[in-house]
Amino acid sequence: MIKLLASADLHLGRRTLLPQAEEDTELLSAETTWKRLVEEAMQREVDALLLVGDIIDEENRYLETFGPLESGLKRLAEAGIRVFMTAGNHDWNTLKDFTARLPEEIKGMVRILGRNGHWEEYRLETESGRVDLAGWSFPGRHWEGNPLHDCNLNWNSEAPVIGLLHADAGVQESRYAPVARDDFRGTADVWVLGHIHKPGRVREEAPAVWYPGSPHSFSSGESGVHGALLI
């Protein structure tokens, strides 16, 4: 059985804002959380890591993020773990720039799906099984259209299909790719969404639609359990 680990909204480079008494800069840094996510993927021996947008925060995007992100991807590549990403509203341009600069031995293990707002499907085949990944990436800082309305993919695959989308689900209007809950019907078997930092399930009925949430709490308003989603 194929095994995947999914996360979103790492916002590498962003500072966590918590009351001074609770601050531990190393424990609460997004960089430390990224290292832990890499470790979890390796310990669980997953076939791939899925990162659904806003991986890089647009503030401090070059100075603080490229080194740690590349280091983690290198470890995953050496372990034979593929990484599939979609770009969110924060890293719509920096993610492309980052992957273009990666060394060839890492670049071959990392793929951005759905560049420039064009849906893309990729079949991942491993010794554990196969799965189709369908993804869409933000083409700009804002996107007021519904990405699923522009989707031309054929969802009738003989392999399970997992959709990756950074979007504002369950709302009619938004500057961040608004998608209605019913729009997911008749599409992928499972959806992993980015943008909302609080983990939760968007639909109770099929298909399953999940926000894994950010693996790291960035403020006191983002309380509760944070982690990654195992598929």
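In whole angstrom, segment 74-201 maps to an equivalent ellipsoid with semi-axes of 24, 19, 12, each derived as √(5λ) from the alpha carbon gyration tensor and ordered largest first. Straight-line cross-link partners of Lys107 among the aspartates and glutamates, defined as a Cα under 15 Å from its Cα and at least 8 positions apart when in the same chain: Glu70, Glu78, Asp97. The accessible surface of the chain, taken with every protein chain in place and a 1.4 Å probe, is 45 percent carbon and sulfur. Annotation for His149 and Ser128: the two label points, set 7 Å from Cα along the Cα-Cβ direction, are 3.7 nm apart. Here the Karplus curve 6.51 cos²θ - 1.76 cosθ + 1.60, taken at θ = phi - 60°, turns the phi angles of segment 164-170 into couplings of 10, 8, 8, 7, 9, 8, x Hz, with x standing for Gly and Pro. The heavy atoms of Arg14 present about 80 square angstrom of accessible area, all protein chains included, probe 1.4 Å. Using a simple spin-label model with pseudo-atoms 7 Å out from Cα toward Cβ, Glu104 and Met1 lie 3.9 nm apart.
Please work out the FRET efficiency for the pair Val171 and Lys96, using the Cβ-Cβ distance as r and a Förster radius of 30 Å; give the result to the nearest 0.05.
0.65
Each residue was assigned an accessible area with a 1.4 Å probe, and for Lys3 the value is about 70 Å². Close amide-amide hydrogen proximity is noted between Tyr176 and Trp143, each under 5 Å apart and 5 or more residues distant or on a separate chain (H modeled in the peptide plane; Pro and chain starts excluded).
Taking the chain as a Gaussian network of alpha-carbon nodes connected by springs under 10 Å, the highest mean-square fluctuation of the residues Ala167, Ala134, Ala159 belongs to Ala159.
Could you check what % of the DSSP bridge pairs in the chain are antiparallel, to the nearest 5? Among the beta bridges of the chain, antiparallel pairing accounts for roughly 30 percent.
The values are calculated or read from the model by the stated rules, or taken from the named source; none is laboratory data. Here the structure is a predicted model, which means the values were calculated and not measured. With ideal geometry, Cβ positions are generated from the backbone for all residues, glycine too; neighbour counts draw on all protein chains shown. The accessibility values were calculated without ligands, DNA or RNA, using every heavy atom of the protein model including side chains. Shrake-Rupley method; radii C 1.70, N 1.55, O 1.52, S 1.80 Å.
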